[in-house]
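Notes follow once the structure below has been shown.
The values are calculated or read from the model by the stated rules, or taken from the named source; none is laboratory data. None of these values were measured; they are calculated from a predicted model. We place every Cβ from the backbone using ideal geometry, glycine too, and count neighbours over all the protein chains shown.
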Amino acid sequence: MQASTNRLVVGGKPLRSRLFLGTGRYPSPTVMRQALDASGAHVITFAIRRVNLDGVEDDSVLRHLADRDLVFLPNTSGAADAEEAVRIARLAREAGLGDWIKVEISAHPRSLMPDPLETLRATERLVAEGFVALPYTSDDPMLCKRLEEAGAAAVMPGGSPIGTGLGLLNPYNLGWIAEEAKVPVIIDAGLGSAADAAQAMELGADGILVNTPVARARDPVAMARAMMLAIEAGRLSRLAGRIPRKRYATASSAPEGRLFAAPDAAAGGRHAGAVEGGGR
């Protein structure tokens, strides 16, 4: 199979797309549906606290998506600690929303940065209860490793604080996380444009999750498509292998008397095989 068509697998489930899309803050349900179509996303996320769990089929958001073949990734946004996150996840499963759960526990109301200790505790408990847990976390490589060891189906480090559009503030850490992880790495939060999505994929991420940069764009449908194309371009660039950065210039023409450059002259970084494998 060609690397460009290799599917992302999360929790044993092959996904059609590496773009996860949020459902909040769109101008209207119609625009949300159009953006979803343009994005090609297979996984959608939504805050459980905003869903009518007594009548999921009549929920103001989900009823517009009932005819779609989608994977629901409800999130525990608003949870203050592990106990509350686990309770919210159980309610969602009982309401028929499935066993995938995005663990989201914010420690500070202004930064909305994830609480590392409570996130780890919640992940351990949810995995033990049979949930497919995808924890939203900071860009701490060791915390991501601990979440992986706890049984997380994927880790979701933020590029920057939720909704800021600041992009990837710490590319070094995100690249390290992607290099070390044995589970998929989904960059979640803080992206602002397609350029950020491409950069995340070039760093080795397996996918991205976006909401605000699409929903609040001047043209959400166009931005959704841009994100889809950026993920494809960034992944292909990663697999192709970029040239190494150099301090001084190098002529692009071949040395005198030689038609083509030496075989290894244009090779840089790891080849495709170095980022494949592990079900990612």
- prompt: Could you say whether any residue in region 178-185 is outside any helix (DSSP H, G or I), out of contact with any Lys or Arg (no Cβ under 6 Å at 6 or more places or on another chain) and more than 23 Å from PRO157 (Cα to Cα)?
  reply: no
Just checking, does region 131-139 include any residue being closer than 16 Å to GLY11 by Cβ and surrounded by fewer than 17 Cβ atoms within 10 Å (Cβ to Cβ)? no
### Message
Can you find a residue that is crowded, with 19+ Cβ neighbours inside 10 Å, in contact (Cβ under 8 Å) with a residue 12 or more places away in the chain, out of contact with any Gly (no Cβ under 8 Å at 6 or more places or on another chain) and in a helix (DSSP H, G or I) anywhere in region 164-176?
### Response
no
Pairs returned, first residue in region 122-142 that is more than 20 Å from GLY78 (Cβ to Cβ), second residue that is of a type in the set (D, E, K, R) and at pLDDT below 95, beta-carbon separation under 6 angstrom, 6 or more apart or interchain, are VAL132/ASP99
Picking from ALA107, ALA205, ALA154, ALA133, the residue that is in contact with an Asp or Glu (Cβ under 8 Å, 6 or more places away or on another chain) and at pLDDT 95 or above would be ALA154
Of those in region 123-142 that are assigned to a helix (DSSP H, G or I) and in contact with a strand residue (DSSP E or B) (Cβ under 6 Å, 6 or more places away or on another chain), the residue nearest to GLU104 (Cα to Cα) is THR123
Scanning region 81-122 for residues that are assigned to a loop (DSSP other than H, G, I, E, B) and within 29 Å of PRO29 (Cα to Cα) gives ALA95, GLY96, LEU97, GLY98, ASP99, GLU104, PRO109, ARG110, SER111, LEU112, MET113
Residues in region 186-233 that are within 17 Å of PRO161 (Cβ to Cβ) and part of a loop (DSSP other than H, G, I, E, B) total 7
**Q.** Selection status of ALA224, more than 28 Å from THR123 (Cα to Cα), surrounded by 23 or more Cβ atoms within 10 Å (Cβ to Cβ) and at pLDDT 90 or above
**A.** yes
Those residues of region 147-163 which are under 26 Å from GLY98 (Cβ atoms) and either crowded, with 19+ Cβ neighbours inside 10 Å or aliphatic (A, V, I, L, M) (or both) amount to LEU147, GLU148, ALA150, ALA152, ALA153, ALA154, VAL155, MET156, PRO157, GLY158, ILE162
Only unsatisfied item for GLY167, checking (1) farther than 24 Å from VAL9 by Cα; (2) at pLDDT 95 or above; (3) in contact with a helix residue (DSSP H, G or I) (Cβ under 6 Å, 6 or more places away or on another chain); (4) of a type outside the set (Lys, Arg), is (2)
